[in-house]
Every structure is written in structure tokens, then in C-alpha cells.
Amino acid sequence: MSKARTLYEKIWDAHVVARRDDGTCLIFIDRHLVHEVTSPQAFAGLAANGRQVRRPDLTLAVPDHNLPTTPRVDAAGKPIPIADAESAAQLATLEANVRSFGVPYIGAHDVRQGIVHVVGPEQGFTLPGTTLVCGDSHTAAHGALGALAFGIGTSEVEHVLATQTLWLAPSKTMAVVVEGALAPGVTAKDVILHIIGQIGTAGGTGHVIEFMGSTIRNMGMEERLTISNMAIEGGARAGLIAPDATSFAYLQGRPMAPKGAAWDAAVRHWQSLPSDADAVFDKCVPINAADIAPSVTWGTSPEDVVPITGHVPAPESFADPAKQDAARASLAYMGLNPGTAMQDIAIENIFIGSCTNSRIEDLRAAAAILRGRRKAENVRWAIVVPGSGLVKAQAEAEGLDRIFTDAGFEWREPGCSACLGMNPDKVPAGERCASTSNRNFVGRQGPGSRTHLLSPAMAAAAAVRGRLTDVREYL
Amino acid sequence: MQATRMISGRAIPWGAKNIDTDIIIPAKWLKTVSRDGLGRGAFESVRAVPGNIFDVPANQGAPILLAGDNFGCGSSREHAAWAMLDMGLQAVIAPSFSDIFSGNAFKNGVLAVTLDEVHIARLMAVAADGAIITIDLENQVVTSDRQDRFAFAIDPFRKMCLMQGLDEIALTLAADDAISVHEARQAEDAPWLVPAQG
Ligand code: SF4
């Protein structure tokens, strides 16, 4: 009998092209997503060495990181030039590169444009059992569909473009098993923030995390994408969720997904992928869903998580002296005092968007709280940035855009936006932002910006009250 | 890529833990389409403080950085390695590195050397005192001109590539036949893997 294997091991084994004595393997890459920020130097490297893109058919390029999210065409339908010269140059470089190398491209004015990690699943480009890479660390998101997906650097982007392979050392495996029903008001975002709070930002280093258990199985695909997206904040290179009927239903009929007999053959293969019942993981972390409350971060590391009903911790409350120092620095940067109730923290900015939480379910959850309500006076800036043009169109068809604008939010064009402050959407120095994104690092949303990570519903509740707020009061 | 055998000079005794890539090179510097010139943005928030450890005269042009646990965590941006190279840093010594950063560092010829915390503490002390630190890649040891000698481990393949300055793509293309075999088998067994167009 063959050895019991995990989902990760099955995908790995099926993609080994060559093996070195030290165990490093040349792994075939089935899917490569390209965006404007991490690709210019890679294409330049190809050109300098007279190399081609080996498999343009397995590659897809989409601009997202520094596209402005303000209107892209004027009243007459003419494209509006991009004001920032460097952004414009980077976007123009991507367009020139996809043309000269023959790479499929979804451009800024295409309704399918959006954040790479929203577009991949939405188009059916992301499939179970595939290896998928992109020059962006939140590529982990695609693991929600059972793809082995991880972020790579520009040299690796160049390597994949030229060879459709990567040299990789096998990872260790970690099972995060979440069991039980979630309480009302608790979302996928709260689950993943809670997990990171438990394992820490280095907890998954060297591992691929498979999220399993009844709580994950009962989630829809969009919630699973939120979970796997932040595997990287738990230190893991990739997250995985076993493909099942939910994944197949999500994919069927998507433009780039297999059709007809090819679809049936693909599903048969995908059904063989889940980890064997007796497969062994290097590490196993059990999580009880009943322990999870609506959660929010207080510091500048994604592991700095407390329940919304909690308080800003005292640095001395941590056992590790290094963590005490980090907490002191975090609190100084965040302008917070130990013991402050999280719900007493006033918020000036609200950002609903990013590849973690910008899909239609996220917008519906936020709109459900905002319906018939308005943002508080002290909330200076509140924006909703849909993850793709298709999400935006769907939301408009459901009238969600009106709920947001009536509540005092700006309704924007798709892109990464204030998640990393590369385009004009930034949080001013010293101001706070309740953000549905994935990183609260120093300066992430703009120099001096102070980020509190939370779910879309919690962001909406914070907008209404002008302070961090327990969303359960609005249910 | 340039061949690297030996890196020797002053080491910046920083020791900070969990340094993420936003600190190494803030996002606003990522808008470049070239690999050069990023040194001006390297460690910008740290260097905004007068008298910071990077800009004190003794550390100007130092080729080695001493750092704490989990160096280079955060995003996959390779700009972090380019920015460090552009400011003259050729090596980082730390107790641990994020996986992505150590891969990016290697691919750009920046040495990421893992040493025990106690050994780094010792190097921090002598570096602060002006010692010259040497990383000898061939013999896999870090030495100081104060009688220190600490061995380190490195993946043999990475070592060979670094020492010979090998282009990884050319190396892989030597396995071109194996890649073609995989592609042919995939076309046979899983034709659905090629995306439907639109
Ligand atoms: S939304 Fe944020 S995390 Fe996601 S790809 Fe864009 S910049 Fe990266």
C-alpha cells in the first residue's frame, strides 16, 4: 500500500520535474499571475538574455497595485491619464511587455480587471491541484481552492517566465483544525486573525498550512479565500484548503475553467486530492470555533489580536522580553495606552477592500450593517474598493453602491488601493484606519498611518459609531 | 550575478528583530522599473532619525548587517535585496530569516548567514567596538579580528552558485528535456490544465 499523503504532498509529487541530491526539486508551475510592480525587472532580464516566455498560455497579467481607484474614463468615455509619473511608467511597461512577449492580459479598462488574487479565482484561472505563483506574498489566497500557491520574488518571476519551473525545497506541513460553529457576528476574518493571534507571525515558518475541520468545511469559497489569504501572516509560505463540492460549484462555468468532458475529468482528479485520513502532519494546531469573538488588532504586527470587547494589553503582560519591547514600540507608534478599551478607540478612516476582503460577500456583509445608517462625523474618509470590475458590477446590480454612498462612503474603481498606499489612496500620518486588509505594519497604509485590522462588518460598525465597535450591537 | 567568496569589513550592530520588508524598503520605492538606485530608500524610517545606526560615520559603507530573529518578514518584494545591495550591504547575519527573504537574497548574491543568538551577541559587541568581521563562504566561517570564529551552515547548491556567480535560469534550462517530458505527460493526462481562453 502506498504511504498516506497530505494534500500538499500529493500536489508536490505530481509536479516534480527533477530532484537534486539535497532534496530540492524542480517544480513545474501550472499558473503564473503577473502584475505591474514585481515584473518589469523580470521581463527586462529576459530581454537582456534573448529569452522568451516559455508558456504564455499558462500566464495571465493584470495591473492592480498602483492603478488609481478614481474614475478611469471621463464623461466622453476617454481614458484619463494617470497623474503619478512613476505609476504611469510602471503600468505602461507592463503593457509593452505583455505585447512583446505575447502574454494574455486583462487591462485597466477591462471589466474583468481587479486585484490579481480576486481575478484568478473569479476567472477560473486558479484550479485545485495546480501549482500557482505570483510576485506577491498574498498569492497564498489561491490555496483556498486547493492550489499550491505562493508568492515569489522578481528573480523567480523571471525564472518562471523563462522555464515554467522553480527550484524549491519541500516544506513541512502544519494542520490548523478549526472545529465547531461560529457565533453570530464572527466571520472568516475573525477566524484567521484569531489563528494568527494564537500561532504568532512566525508560527508557520517553513510550513505549508492546511486549514481543516468542520468550521472551514462549512465556509463558502469567498470566506475560505479570506482565510488562506492570510496564511502568510502566520509565517507560512502557502495555505491550503481541500477541494470539495463547494470549490467545484464555485468554479463550474467560470470563463477559464475546463468545460464539458474536460471538466468531468478534472473533477475526478480533484476528488483524489484531499489529505488521506491517516496522513501525518509535522505540526497540528486545534482551534475551537466557540472561542472566537469578533477580533481586531491593536499593534503593528498581525499577531497583535484581541477580541473587540478586550483592552489594549500592557507590554509587561507578555512573557517574552522581545515581545515586550515590540509591544512598547507598537503602542508608541499606534498612540495607544495599555488598558484602553478597544471600543473607546476613535477612528478617522475606514477602508473596505484588499484581496482579503473585497469580494461580493464582503461588500454584502458591510452593506448589511450600513443600510439606513451613516458614518459618524469624526470619520473623515471612508472608501469601498471592490476587488474587481465584476464584483463592482454585481454590487451595483444589487444596489450596494447606493447603500455605501448614502452612508457617506466613496465608491471606487477596483485595485489594491489603501491596502499598501502605493497609489494615491493613503491614510495620513497619525490618523487611524479601520481596515479590512491584511497588514498593519508600520507605514503600510502611508507614512505614519495607524492600522486596525478587522472584518468588513466590523469596519462598517466602526464607521457608524466613529470608534472601534462590537458589530454584534448592530445585528 | 557576481561571484562571492569572501566578505570583509565593518558590520552594523543593529540586532533589531522581526524587521519586515516595509522597513527595509517602503512601498513608495517600489514604483521603479529598474534594479538600481533603491539604496536611497533603504531603511528610510530608521534613517529619518538623526544619529541613526546606519548613518553614523563608523558604519558608512559597512558591507555586513547584524540583525535579530525573523529578518525580512512581510512581503515578497525582491526590492529589499536590491535596496540593501545598492546601499553597499552584501551580507546579513541573523538568528533566522523569513523564507522568502533568504531566497531573494540568495538570488541576488546577498549572503544571508544564520548564526546562534549568543554568537551574534558577541559579534554585536565587537562590531560596536570597531572590529572587522569576515564571512568566508568557502570555509563557512564568520571570523573577527578579535579571535572569534563561528561556523555556519549553508545549502551546498546555493554555496556553489554564489561562489561561481551562476545564472540560475541557464542552469535550469540545462534540464530542458525533463521539463518538456513533464509538459508532454501533462498534455496527455490532464489536458484541462491549459486555461480555456475567455
Ligand atoms: S490588496 Fe494588498 S495584499 Fe492584496 S495584492 Fe494588493 S497590495 Fe497585496
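Descriptive notes on the structure:
- The Cα center of the stretch A:414-455 and the Cα center of the stretch A:376-398 differ in position by 16 Å.
- With the simple model of a label 7 Å out from the Cα in the direction of the Cβ, A:A88 to A:R371 spans 4.4 nm.
- The stretch A:292-312 versus the stretch A:184-254: alpha-carbon centroid distance in Å: 18
- The protection proxy used here, the mean number of other Cβ atoms lying within 10 Å of each residue, ranks peptides B:95-106, B:23-34 as follows, highest first: B:95-106, B:23-34.
- Each principal axis of the Cα atoms in the stretch A:231-373 has its own extent, and those three values, largest first, are 61, 48, 26 angstrom.
- Heavy-atom SASA rank of A:L33, A:L475 (probe 1.4 Å, accessible area, largest first): A:L475, A:L33
- Per residue solvent-accessible surface (Å²) - the stretch A:358-462, probe of 1.4 Å: 30
- Applying the criteria of a DSSP loop state and at most 14 other Cβ atoms within 10 Å to the GluC sites (Glu not before Pro) of the stretch A:69-155 yields no site.
- Ordering of A:453-460, A:37-44, A:323-330, B:120-127 by packing [mean C-beta count within 10 Å, highest first]: A:453-460, A:37-44, B:120-127, A:323-330
- Length-normalised contact order for chain A - Cα pairs under 8 Å, 6+ apart - percent: 17
- Net charge contributed by nearby residues that have their C-beta within less than 13 Å of B:V46 (K/R +1, D/E -1): -3
- Residues with amide H under 5 Å from that of A:T165, placed H, sequence gap 5 or more: A:I29
- Shielding value for B:169-180 is 5, the average number of Cβ atoms from other chains within 10 Å of each residue's Cβ.
- Alpha-carbon centroid distance for the pair the stretch A:32-65 / the stretch B:1-70, whole angstrom: 28
- Amide hydrogen neighbours beyond the local backbone of B:A11, cut-off 5 Å, H modeled: B:I133
- For the stretch B:115-178, with +1 on Lys and Arg beta carbons and -1 on Asp and Glu, the positive-most of B:A178, B:Q164, B:G130 along the dipole: B:G130
- Compactness relative to 2.2 N^0.38 Å, alpha carbon Rg of the stretch A:160-285: 1.16
- Inter-label distance, nm, simple model (7 Å from Cα along the C-beta direction), B:A187/A:D344: 6.9
- Averaged over the residues of B:136-144, the number of partner chain Cβ atoms lying within 10 Å of the residue Cβ comes to 0.
- Pairs of alpha carbons in the stretch A:297-474 whose separation is greater than 23 Å (percent): 36
- For A:G151, the residues 5 or more places off, or on other chains, whose built amide H falls under 5 Å of its own are A:T139, A:A140.
- Take the stretch B:6-166 with all the other protein chains still there, run a 1.4 Å probe, and you get 37 Å² of accessible area per residue.
- Largest first, the residues B:D136, B:D189 sort by 1.4 Å accessible area into B:D189, B:D136.
- Overall Cα dimensions of the protein assembly as shown - principal axes, largest extent first, Å: 72, 62, 58
- Inverse of mean 1/r across different Cα pairs in the stretch A:7-168, Kirkwood, Å: 16.5
- Normalised size of the stretch B:6-166, defined as Cα radius of gyration per 2.2 N^0.38 Å with N residues, equals 0.97.
The values are calculated or read from the model by the stated rules, or taken from the named source; none is laboratory data. If you're wondering where the values come from, they're calculated on a predicted model, not measured in any experiment. Here Cβ is always computed from backbone atoms with ideal geometry, including for glycine, and neighbour counts include all displayed protein chains. Surface accessibility is based on the protein's heavy atoms, side chains included, excluding ligands, DNA and RNA. Shrake-Rupley method; radii C 1.70, N 1.55, O 1.52, S 1.80 Å.
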